[in-house]
Amino acid sequence: MPKFSFYENSQKVLDQAFKQLNISEDVVNVLTAPERVIEFSIPVRMDNGKIQVFTAYRSQYNSARGPTKGGIRYHPSVTLDEVKALSFLMTFKCAVANLPLGGGKGGVIVDSKKLSKGEKERLSRGYVRGIFDFVGPTKDIPAPDMYTDSQTMAWMSDEYNTIARGQHPGFITGKPLSIGGSEGRDDSTAKGAYYIIMDMLREFKLDATKQKVAIQGFGNAGINLAKMLMKEGMLIVALSDSKGGVCDMKGIDVEHAIKTKQEKGRIAEVHVEPDKKYGKSCKHITNEQLLELEVDFLVPAALENQINESNAKKIKAKYIVELANGPVTYDADQILEKKGIQLIPDVLANAGGVTVSYFEWVQNRYGQYWTREEVYSKLKEIMNKEFKNLLKVAKKHKVSFRTAIYMIAIERVAEAVRAKITG
Ligand code: GLU
């Protein structure tokens with residue numbers, strides 16, 4: 001198989017949307033390359049007394065609409081190509097939610113599961129020391145992503161404040177509440193997708209209790225969305241983590257799955273044996289099998305590139321909601337479209353996270369804090385509005401949801417670029 005470039009893939013999406021829009025060559029040129037990409041090394045004193053050097057990145061794709069914004073990912077498969085592609089996605093995601101922010105992303109090549117807490121802290125503080133000159137509340141604002149969380153943000157925030165000799169809570173979002181975090185940030189990515197799915201049920205006139213849902217990935221976003229959808233009476237029929245998954249077409253009890261995952265470390269242990277209380281048993285499935293199940297909603301909530309040319313033909317879901325970033329490749333997208341599968345793109349489906357990050361940044365700058373209800377109602381308003389906008393543009397131009405969402409986002413970014421580069 002030829003080496004897949006996530007970054008080249010995202011550029012194809014851009015080209016497709018450019019074709020539909022009347023955008024000057026100058027603006028197109030500005031939007032097809034990241035503004036700044038930084039590669040640096042973080043030396044960390046490990047618990048065994050030796051120094052280990054980790055490769056780290058930060059890509060600031062475009063700042064036309066405001067300071068760049070995006071998470072920092074700790075994962076062994078992080079590459080420069082991936083970080084660039086993710087910063088591209090952040091640029092358009094912030095524009096979709098109409099936030100006054102640009103797009104950025106960071107990453108460290110590390111298997112964080114193998115680090116002790118102390119090693120993780122030293123790595124996180126080292127990241128900030130390596131990048132300090134290029135980040136800050138008015139420059140580039142990091143946040144959590146895969147395998148980084150509110151604790152990671154707390155270390156990074158403290159390191160930034162120590163170097164800057166002051167309190168700058170707006171440097172980073174996704175912080176614990178006690179040091180300037182926002183209510184509702186913890187489950188905001190799932191909440192945003194939940195509002196979209198509720199809109200879909202209304203729009204496509206679907207009965208919640210008849211919808212079968214498969215969710216790939218059991219991280220923060222996947223778990224919280226599963227809980228929210230189950231409460232609405234939707235049937236969660238398949239779940240997975242990186243070690244594999246389970247399937248029960250009669251529905252899985254999500255709370256029970258969470259407990260099993262906590263106790264046994266893997267989702268594949270969820271009542272596979274007949275259970276006294278549930279009286280039913282799940283079947284083991286692989287991550288690949290989960291994607292190909294006959295369900296109504298498929299929610300990829302793990303890594304990118306999961307639905308690609310090799311399996312797109314086998315997808316049987318009616319709707320796909322991209323909770324992960326970039327789970328469907330450009331080529332797969334074309335196949336899914338031909339099959340009539342409706343797909344809500346990542347830049348809208350998972351924009352809840354960065355939207356509440358933006359709320360956190362606003363609250364930090366005001367020094368005033370909102371209740372969870374206020375946060376949710378502001379988030380709901382944005383998600384509902386942009387979903388309606390998506391339907392309108394897709395219908396008007398007779399294009400897929402992916403192309404439509406990029407038309408909306410590019411138009412917004414292009415307007416800001418134009419304002420700056422034309423006389
Ligand atoms: N990492 C999240 C994302 O991919 C959140 C980014 C943020 O809050 O800045 O959207």
Hey, if you put +1 on the Cβ of every Lys and Arg and -1 on every Asp and Glu Cβ in the chain, which of VAL295, VAL28, THR138 ends up farthest toward the positive end of that dipole? VAL295
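Express in nm, to one decimal, how much length is gained between GLU309 and THR32 on full extension, taking 0.36 nm for each residue of separation and deducting their alpha carbon distance.
Values: separation 277, 0.36 × 277 = 99.72 nm, distance 2.43 nm.
Once the chain is fully extended between GLU309 and THR32, it gains 97.3 nm.
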Ranked list, fewest to most other Cβ atoms within 10 Å of each Cβ, for ASP158, ASP186: ASP158, ASP186
Just to be sure I understand the model, the point goes 7 Å from the Cα along the line to the Cβ. What's the resulting ARG418 to LYS388 distance in nm? 2.5
So for the chain: antiparallel DSSP bridges make up what percent, rounded to the nearest 5? 50
Could you work out the Kirkwood radius for the chain, taking every pair of different alpha carbons, averaging 1/r and inverting it, reported in Å? 21.9
Cβ-defined net charge surrounding MET228, 9 Å radius [Lys, Arg +1; Asp, Glu -1]: +1
Qualifying aspartates and glutamates (Cα of each under 14 Å from Cα of LYS105; at least 8 residues distant if same chain): GLU35, GLU39, ASP81, GLU82, ASP140, ASP145
Using a Gaussian network model on the chain with a 10 Å cutoff between Cα atoms, which of GLU159, GLU309, GLU381 fluctuates the most? GLU381
Mean Cβ neighbour count within 10 Å, used as a protection proxy, ranking 145-157, 39-51, 126-138 highest first: 145-157, 126-138, 39-51
Under 19 Å from the Cα of LYS392, which aspartates and glutamates turn up, not counting those fewer than eight places away in the same chain? ASP199, GLU203, GLU337, ASP346, GLU381, GLU411
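Would you mind counting up the charge near GLU386? Only other residues with Cβ under 12 Å from its Cβ, with Lys and Arg at +1 and Asp and Glu at -1. Let's see the in-between values first.
Working: positive: LYS93, LYS380, LYS385, LYS388, LYS392, ARG412; negative: ASP199, GLU381.
In short, +4.
Anything over 29 Å Cα to Cα? Flag those among LYS113/LYS175; LYS139/LYS175; LYS283/LYS398; LYS227/LYS314; LYS12/LYS205, in the order listed. All intermediate terms of the calculation are to be shown ahead of the outcome.
Working: LYS113/LYS175 21 Å; LYS139/LYS175 18 Å; LYS283/LYS398 41 Å; LYS227/LYS314 27 Å; LYS12/LYS205 33 Å.
The pairs that break the limit, which is 29 Å between Cα atoms, are LYS283/LYS398; LYS12/LYS205.
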Running a GNM on the chain with Cα contacts under 10 Å, which residue among ILE382, ILE320, ILE335 ends up with the highest mean-square fluctuation? ILE335
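The numbers here are math on the coordinates, done by the rules we state, and not lab data. Please read these numbers as outputs of a predicted model, since none were measured by experiment. Heads up, the Cβs are rebuilt from the backbone with ideal geometry, glycines too, and the neighbour counts pull from every protein chain shown.
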